[in-house]
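Take a look at the structure set out below.
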Amino acid sequence: MSEDMHFYEPAQGHRLPHDPFNAIVGPRPIGWVSSRSTQGVLNLAPYSFFNAFNYTPPIVGFASIGSKDSLHNIEATGEFCWNLVTRPLVERMNATSAMVAPDVDEFALAGLTPAASQVVGVPRVAESPVSFECRLSQLIQLQSAAGEKVETWLVLGEVVGIHIAPSSLREGIYDTAHAGHVLRAGGPADYFEVLPEGLFKLRRPK
């Protein structure tokens, strides 16, 4: 069977029309990260490499490929917020991915409302039904297996506050299937929406 499979070593190129790596490791939650510079300028940017890494304490993280404004802000202030992207917010999320100058406020650019957080000094996106307030726990520059530094930084943050819209709760349980989560798929412009018909149950063995 292995003879029929497409095999490649990433360092030598994939020989396909588009790099499949991102599409295979996906779909992934979108890291829609808000931060504030030491000068008070707000920043809001989506990151396609984002996930949760621990329960207690809850820790989330995203990878900044290149030294970007979000990375600088979080390193300087030690705070950020993660905001859930849902189907009604995708166009405005996409607008915040524009390459703009550091003094541009992406909240204003995308027509979004900064809402005050309860624990950290960084605002969350008021229109998002779920937001995490986070404090920086680790900032790690990635490296290759050979020990060479990569121009990518993993930002890990402890979640110290969680905001959930009542509409996302059903009998006190967070309803992922109906919340409208949008996920990054990895193709040139591919995304997925979580829909109720995609839900199935699978219990762990005892």
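A count restricted to segment 46-71 and to residues that are in contact (Cβ under 8 Å) with a residue 24 or more places away in the chain, under 20 Å from E158 (Cβ atoms) and surrounded by 15 or more Cβ atoms within 10 Å (Cβ to Cβ) stands at 10. Within segment 180-206, residues that are in contact (Cβ under 8 Å) with a residue 24 or more places away in the chain sit with their Cβ atoms under 7 Å from residues that are surrounded by fewer than 17 Cβ atoms within 10 Å (Cβ to Cβ) and of a type in the set (F, W, Y), at 6+ positions apart or across chains, in these pairs: L183/F192; A185/F192. Would you check if G186 is touching a Gly at 6+ places or on another chain (Cβ under 7 Å), under 26 Å from R87 (Cα atoms) and at pLDDT below 95? Yes. Within segment 144-154, not a single residue is outside any strand (DSSP E or B), under 30 Å from K201 (Cα atoms) and without any contact (Cβ under 8 Å) to a residue 24 or more places away in the chain.
Screening E127 with (1) within 27 Å of A177 (Cα to Cα); (2) touching a residue at least 40 places away in the same chain (Cβ under 8 Å); (3) among the charged types (D, E, K, R) gives one miss only, at (2).
Each residue in segment 155-184 was checked for being surrounded by fewer than 16 Cβ atoms within 10 Å (Cβ to Cβ) and either outside any loop (DSSP other than H, G, I, E, B) or aliphatic (A, V, I, L, M) (or both), and 13 pass.
The rows are residues; the columns are (1) in a loop (DSSP other than H, G, I, E, B); (2) surrounded by 17 or more Cβ atoms within 10 Å (Cβ to Cβ); (3) out of contact with any Leu (no Cβ under 6 Å at 6 or more places or on another chain).
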| position | (1), (2), (3) |
| --- | --- |
| L89 | no, yes, yes |
| F107 | no, yes, no |
| E133 | no, yes, yes |
| Q138 | no, no, no |
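Just need a number here: residues in segment 110-124 that are free of Cβ contacts under 8 Å to residues at least 24 places away in the same chain and not small (G, A, S). Of the residues in segment 110-124, 1 are free of Cβ contacts under 8 Å to residues at least 24 places away in the same chain and not small (G, A, S). Meeting the requirement of 1 or more residues that are in contact with a Gly (Cβ under 6 Å, 6 or more places away or on another chain) and not aliphatic (A, V, I, L, M), the strands (runs of 3 or more DSSP E) wholly within segment 5-67 are 42-47, 50-54, 59-65.
In segment 20-39, the residues that are at pLDDT 90 or above and aromatic (F, W, Y) reach residues that are assigned to a helix (DSSP H, G or I) and surrounded by 14 or more Cβ atoms within 10 Å (Cβ to Cβ) with C-beta atoms within less than 8 angstrom, at least six apart or across chains, in these pairs: W32/M93.
The values are calculated or read from the model by the stated rules, or taken from the named source; none is laboratory data. None of these values were measured; they are calculated from a predicted model. As a convention, Cβ positions derive from the backbone with ideal geometry for all residues, glycine included, and neighbour counts pool all protein chains shown.
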